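Every number here is computed from the coordinates shown, using simple stated rules; none is lab data. As the structure is a computational prediction, the values presented were derived from the model and not from experiment. Neighbour counts are summed over all protein chains in view; Cβ atoms, including those assigned to glycine, are modelled from backbone coordinates with ideal geometry.
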Amino acid sequence: MTTQMRSIVQNMPKAELHIHIEGSLEPELIFALAQRNGVKLAYQSVEELRAAYAFTNLQSFLDIYYAGASVLLKEQDFYDMTMAYLQRAKADHVRHAEIFFDPQTHTARGVPMADVINGIHRAATEGPISAKLILCFLRHLSEEDALATLEAALPFREQFIGVGLDSSEVGHPPEKFARVFARARDLGLHLVAHAGEEGPPAYIETAVDLLKVERVDHGVRCLEDPALTRRLAALRMPLTVCPLSNTKLRVFDQMKDHNLLDLLDAGLVAMVNSDDPAYFGGYMNDNFVAVFDALPLGLAHAHQLARNSFEASFLPAQEKQKYLDEVDTYFSAFNVV
Ligand SMILES: [Zn+2]
């Protein structure tokens with residue numbers, strides 16, 4: 001990638017639609033919160049904790065992810081975590097973020113739902129960029145647990161815009177959560193779900209047909225099914241792709257094997273996101289630089305990815321257009337790269 005191209009992707013306006021806020025916890029903040037809350041960690045130092053991030057698959061990542069989340073106990077902890085992410089995202093020229101949070105990871109440890117949602121929401125309101133929240137259900141738990149979690153969150157209905165589905169995908173297909181997604185739909189919430197990351201293309205199909213999601217998180221395995229790929233393109237179903245996450249978890253062995261360019265060539269509304277940036281090796285611009293370095297992506301692709309990120313957002317139409325205009329104005333300054 002040329003120096004100019006690098007600067008173009010770093011400075012372009014963008015939205016982030018696939019970020020788990022608990023996955024933005026840096027080892028330094030984990031240690032600071034552990035000290036503040038008197039939590040004893042299984043790691044002696046920041047360095048030892050960072051070394052433990054050398055996981056090799058989704059499950060070994062999730063094990064350390066939940067250990068890191070154990071330091072989050074008070075409303076202020078959730079605020080500090082979210083504010084740290086928003087400031088980091090602003091530095092990468094992220095204009096708008098739709099942030100996933102996993103209440104079950106916290107309520108199961110006795111943290112009140114109010115502290116989780118109020119802390120994250122207060123930071124989203126006061127932070128340096130536009131931000132909205134999406135409540136995610138942990139798919140390795142039961143649908144009953146998800147239903148109870150949604151009911152417990154209803155007093156805070158105005159503080160989140162949608163629901164999602166995350167955690168261990170294989171063996172926990174979308175259809176396991178059909179009732180809770182139907183309930184969320186009745187409540188007027190936006191719907192998204194992780195599908196087709198480690199799980200098969202069939203999970204993407206059931207997420208769309210049975211859960212009626214408006215975006216598919218990851219979805220990269222759709223290309224294994226040409227008919228599904230054509231259908232997702234015709235629906236303009238967004239795919240929130242996370243390049244560094246995909247290589248870290250070996251969905252693709254190396255970045256040069258990533259299918260982002262193929263997804264765009266297939267007419268899919270794909271865009272770049274960071275997933276769990278503290279754990280997977282980087283934030284938004286790290287993802288852009290890594291994937292543009294490895295694949296033959298150019299100026300038109302950068303423009304498309306930036307446009308897709310705002311098109312796929314849940315912003316009101318007028319705000320969406322404002323950001324799309326900003327993207328087009330930004331790119332009109334460049335002719336040849
Ligand atoms: Zn994710």
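Convert each backbone phi in segment 185-199 into a coupling constant with the Karplus relation 6.51 cos²θ - 1.76 cosθ + 1.60 (shift: θ = phi - 60°), then list the ³J(HN,Hα) values in order as whole Hz, x for Gly and Pro.
Whole-Hz 3J(HN,Hα) from phi for segment 185-199: 5, 4, 7, x, 8, 5, 10, 9, 7, 6, 7, x, 9, 8, x.
Which pairs break 30 Å Cα to Cα here: K90/K176; K74/K256; K176/K248; K248/K320; K132/K248?
K90/K176; K74/K256; K248/K320
Normalised radius of gyration for segment 288-337, please: alpha carbon Rg relative to 2.2 N^0.38 Å, two decimal places.
Expressed relative to 2.2 N^0.38 Å, the Cα Rg reads 1.25.
Could you work out how much longer the chain between K212 and E28 gets when fully extended? Use 0.36 nm per residue separation minus the Cα distance between them, nm to one decimal.
Extending this stretch completely gives an extra 62.3 nm.
Output the Cα-based Rg and Dmax of segment 1-81 in Å, rounding Rg to one decimal and Dmax to a whole number.
Both quantities, over Cα of segment 1-81: 16.0, 48 Å.
Please give the peptides 217-227, 317-327, 293-303 ranked by average Cβ packing (other Cβ atoms within 10 Å per residue), highest first, as a rough proxy for protection.
Packing proxy ranking, top to bottom: 217-227, 293-303, 317-327.
In whole Å, largest first, what are the principal axis extents of the Cα atoms in the chain?
So the extents along the principal axes, rounded to whole Å, are 55, 42, 39.
By the gyration tensor of its Cα atoms, with a ≥ b ≥ c the square roots of the eigenvalues, what is the shape of segment 245-337: rounded for a/c under 1.5, prolate for a/b over b/c, or oblate?
It comes out prolate by the Cα gyration axes.
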